1. Work out the length of the dipole vector of the protein assembly as shown about its Cα centre, built from +1 on the beta-carbon of each Lys and Arg and -1 on the beta-carbon of each Asp and Glu, and round it to the nearest 20 debye.
2. Restricting to Cα atoms and excluding each atom paired with itself, what does the Kirkwood estimate give for the range A:452-583 in Å?
3. If one computes the Cα centroid of the range A:371-387 and of the range A:227-274, what distance in Å separates the two points?
4. Give the average, rounded to an integer, of partner chain Cβ atoms located within 10 angstrom of each Cβ in B:476-485.
5. Packing-wise, with mean Cβ within 10 Å as the measure, how do A:607-615, B:436-444 rank, highest first?
6. Would you work out the relative contact order for the range A:530-702, in percent, from Cα pairs under 8 angstrom that are 6 or more residues apart?
7. For the range A:221-342, what is the convex hull volume of the alpha-carbon atoms per residue, in Å³?
8. Got the relative contact order for chain A handy, in percent, Cα pairs under 8 Å and 6 or more residues apart?
Amino acid sequence: MNFYRLLSIIGKQRTSPGWQNWSSARSSASAAEAHSTTLPTQAQVVICGGGIMGTSVAYHLSKMGWKDIVLLEQGRLAAGSTRFCAGILSTARHLTIEQKMADYSNKLYQQLEQETGIQTGYIRTGSIFLAQTQDRLISLKRINSRLNVIGIPSEIISPRKVAELHPLLNVHDLVGAMHVPEDAVVSSADVALALASAASQNGVQIYDRTTILHVLVKKGQVAGVETDKGQIECQYFVNCAGQWAYELGLSNEEPVSIPLHACEHFYLLTRPLETPLQSNTPTIVDADGRIYIRNWQGGILSGGFEKNPKPIFTEGKNQLEIQNLQEDWDHFEPLLSSLLRRMPELETLEIMKLVNCPETFTPDMRCIMGESPAVQGYFVLAGMNSAGLSFGGGAGKYLAEWIVHGYPSENVWGLDLKRFGALQSSRTFLRHRVMEVMPLIYDLKVPRWDFQTGRQLRTSPLYDRLDAQGARWMEKHGFERPKYFVPPDKDLLALEQSKTFYKPDWFDIVESEVKCCKEAVCVIDMSSFTKFEITSTGDQALEILQYLFSNDVDVPVGHIVHTGMLNEGGGYENDCSIARLNKRSFFMISPTDQQVHCWAWLKKHMPKDSNLLLEDVTWKYTALNLIGPRAVDVLSELSYAPMTPDHFPSLFCKEMSVGYANGIRVMSMTHTGEPGFMLYIPIEYALHVYNEVMSVGQKYGIRNAGYYALRSLRIEKFFAFWGQDLNTLTTPLECGRESRVKLEKGMDFIGQDALLQQKQNGVYKRFTMFILDDHDTDLDLWPWWGEPIYRNGQYVGKTTSSAYSFSLERHVCLGFVHNFSEDTGEEQVVTADFINRGEYEIDIAGHRFQAKAKLYPVASLFTHKRRKDDVELTDLHGK
Amino acid sequence: MCVCPGPRRIGIPVRSSSLPLFSDAMPAPTQLFFPLIRNCELSRIYGTACYCHHKHLCCPSPYIPQSRLRYTPHPAYATFCRPKENWWQYTQGRRYASTPQKFYLTPPQVNSILKANEYSFKVPEFDGKNVSSVLGFDSNQLPANAPIEDRRSAATCLQTRGMLLGVFDGHAGCACSQAVSERLFYYIAVSLLPHETLLEIENAVESGRALLPILQWHKHPNDYFSKEASKLYFNSLRTYWQELIDLNTGESTDIDVKEALINAFKRLDNDISLEAQVGDPNSFLNYLVLRVAFSGATACVAHVDGVDLHVANTGDSRAMLGVQEEDGSWSAVTLSNDHNAQNERELERLKLEHPKNEAKSVVKQDRLLGLLMPFRAFGDVKFKWSIDLQKRVIESGPDQLNDNEYTKFIPPNYHTPPYLTAEPEVTYHRLRPQDKFLVLATDGLWETMHRQDVVRIVGEYLTGMHHQQPIAVGGYKVTLGQMHGLLTERRTKMSSVFEDQNAATHLIRHAVGNNEFGTVDHERLSKMLSLPEELARMYRDDITIIVVQFNSHVVGAYQNQE
């Protein structure tokens, strides 16, 4: 039985004019063969994939006025995952950008039928997210707070209210729920067809049964595509091939890594109930039970995300196999149990079918969009983690903007293809990781969770040493970084139990590490940071850096400059530290996840000059951060060189010897605002230098520390980090970094005009530090990030990061404050006065905490001293 | 069916006394050849319920237990020994057994017993590609004797390709099975070595250089090697390869695995026999070699090299190949012949090897000379040496030997020794992609389970749930409730699979705990494992299992190459 006939669109009128251009998905095979069209030989854009993503991109591109577009589909339109999709559109997402995409999709689909005349089956049913536990309810409340501030109605409701909204639900084990009334169900295949139809009317040419063999690349730029029906020259290529995107990416001569992997996904269809369910019955998401349930033709459609997913197509398979995937009832059993527990009355309902429709998942459960770092003009939109329908409209729009304008209208860094590199492209890695990601969709998302699979890929040479000393690890861009060090006598809770929205069990550990950073000296292995070297024979390196960076990098040799790498809009593409090693050579340190993005940006803007050399030296150096007032003592003892500020001023870089090892790049900065040094050590010396530092440091009370301590230190000092606080839409002026911009450095740089304009007009948002006043660290929910900020009761922005400050003994949140006009909602200029004259509250899962706003770091932090009578005998112990 | 407890493989028609043979320095309390329980009493207690696995057991009349037992454990084995062979304990044991037991082990306790000896080995992958046709193996043992008389070995040949796996079922103690388990693979590996390698090794020994390693052992921590005899064993082995070097004519001939296996088996048995005849100045070693020679062991060894699978079998352990048919079902292919009275060809052979007038006495009551169950075995010099030789060795041997009724006892109708051989029967099988695994197990398993069940259970275990025919709704009216009921039932059936991470453990769980419906019955399992040591042996034999899993991809690739 062809399921196609079941779920989607039988016997509806298919006579819109746009259909003449392309062979219909519904036409019989013989008709399609008769319709043998010849492909055009060239186009501006070629889109691969006739699912919801491909058609959405085509739709939006054509709406934006681009007409010369060809869409190719290897099978029939809307025949892959799109066809099997359960058709639930849900806006309740964890990321704001995802919420916005889903919200846009919702609005788009709603009016699509009117626009195209194609029935999409759009019904506004609303959805209810059930909470069986208090922790789940907290998670829902956090989403609820965020939905409300972007204008999506939703509310937390009681179990009793749930029972009123849905007749069949067993609500006895619920503690609450979230109701999102504007969520909808829709036939995704019909949406794709409608989008295709509209695009076609706008001039997009659509060809099905046309397989792309590979993309032609010339000089790092898309030149065309090779299909089984001939070549098409093109400037832009969009890979919307869904679960085949990975294979297609690899098929190029210069492969494009698109890390995604498919898993089998099951849902159940039943015959109608005796009294058929109303078509507007809300969709139920019971994440604790791992299932979703929607009404479907008077019966129900229910599927879920099981704990033990079945990855599929690891070796890459032909699409034809999708049709032949087996139902696996034994695998579905836990979900069926869960369904019957939730709706006991369904016992007597007759089964129609168990559908197996593979879904695509990515290594971090976020979708993949954007331009390939390796091939210019090669765009990707894939890896929807089972939310393709919800994201389809919005994601298509952002990608179309990206292609047309060069950047999307929202910050999409979290979804950018360039957050991954080739290192996430191993099939084994993907297979293992998606087995963790798929269950995660319904797992409780608590702060600071780390993936357990695909670990220990990139490690520092000190990994074993640190691990043996109790290091607990987190992973960034495949690199293992220590979070904190569990002392030998300390017994932490098991991983499962330490998942909490409240005070975590490592609190005391991090506190002692922070204290040690403040009073003695700590070592943090920070080898994961991205490190580039730029050298030239003449002044080319300096010239290009002056053009790319907003600060003046023409400083004396040995000086370090903090500077942003800005885009045309003045927003941060990267935030880095640049050390001038000599007249013609620079050493550049960027955040870990910048490795691919920054490289691509530099490559894109650097002239093709053989005298200018850019090298990624990340792997060549182990970085140790010596933080604390005694760092200077440790280092001078190891180098027999004076390290006092007179000899070694702040933001200074010098190659020197440490222990027996020579050629260690020592930099007087710590990324935290605390005194100390970064040591960039050629990896073969890493163990030696570490051992020397630890043994000499013993008498100064040295100990290992991790990133949690670093985070607490930098946030209480109001240090913004790119990727968390800063993104491509924030400018230096908006985060109080005027001093790092040299508008008059006598040379143009990217973003200069935008900054000049902003300087004149004022900023529309302002990076602000909040100190929570009435927040009880032991008892209250902890802030994380993304909490709404209220000023005088009005929503003004969201937090971007937070940490507990052990010096202030308060929670500190960083975030952006906007000034929305009370009448029109338009953004207005934010002045220091506006910030200072306001009463602030931070909303943590629906509870508002009072907060003090600061535009500058708290001065008293810099003069921390321990009082004499506080000294104890234990201070004499080695740390 | 024989309803009497007593000596396992060897029945001895002695009734007056059972002196603890080799009571000193035994690795464990195997002093008793006869459990100190009176047959008549036991038959009364257990009546027909007593199911004796050893049909070959033959104790014509009850014997009177002796109280003059000595016990002086050798320090090295002290930890293995529990002084229990005394009258007091016997009565305790009897009372314990005669009272109906309400005591059951909990599932975790059952699991810890079943898993105590489990071992798994996965062949490491190189460059992401597993070049070995063996994926790995699972093995396990469940003792019935105290101590267990079964042994197992597994090793990878380092100088030639291939992997060796074997199970060894000892009788009259564990000395022989222990020795064979440590030594046989070296003999096989040496037999397989090319001339140049042998020369290289010999030269290294001669000049005191480091030796090439020959075997990589894969051992459970409980699988010990005897340190004391190591030197002696090495010298015997060296003599063997020196002879191999001398025999070599210089022409490099392809080594035939079958021949190598046969030579190795025969040579080791010969060495065991010789060592006992020659003796050793060290009294401990002298006694050890005698114990090895006077006890016995069967051996079933597999050699896997690419698609070439050889099984060498001596005795009644068995090698069974698990074959998955195209429809997913499992069938068993036996790769060894049992050497016992059930094997017509063996009966034939024995009759041919001895004069006509012995035709009736050579096999009596399905036993060799009315005593021994397996018709081929290592050790057991009582069935190999002439009467003169036996008497001479015993007289010159240590007192323990001399005082022992068993060793002194000459089998009846003992006219034309040898009656027993260690020569194996070698089977060759070329692996096919449908050959998924090989089960090597001692007769303790095969007595309780049919080979077809063994293969099905392992096959289903290794492939996970897939064995259950997938459910398809296709056209039938099924409600969610009905489906749920069906699935829950299927899952319960499967849950026993998930308890085990080891195919051999899983098999033992079934072998011991299966009820009449072929599913594991926890109550039964718990009862069987709660039996006191003295009784366990009557309900089951030692079970030793190795399950070798093959890599179908590699096997398939070999096939395609040709």
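1. On the way: 144 positive and 166 negative charges, 355 e Å.
Here the size comes out at about 1700 debye.
2. Numbers: mean 1/r = 0.0544 Å⁻¹.
Result for the range A:452-583, one decimal place: 18.4 Å.
3. 11
4. Details: counts 2, 3, 4, 8, 15, 7, 4, 10, 8, 1.
Mean number of neighbouring Cβ atoms from other chains: 6.
5. Values: A:607-615: 12.3, B:436-444: 27.2.
Order by mean packing, descending: B:436-444, A:607-615.
6. Values: 314 pairs, mean separation 36.3, N = 173.
RCO, the range A:530-702: 21 percent.
7. Numbers: hull volume 21.5 nm³, N = 122.
Hull volume normalised by residue count: 177 Å³.
8. 11
Bear in mind that the values in this text are calculations on the coordinates, not laboratory data. This is a predicted model, so every value here is computed, not measured. Every residue, glycine as well, gets a Cβ built from its backbone with ideal geometry; the counts of neighbours run over all protein chains shown.
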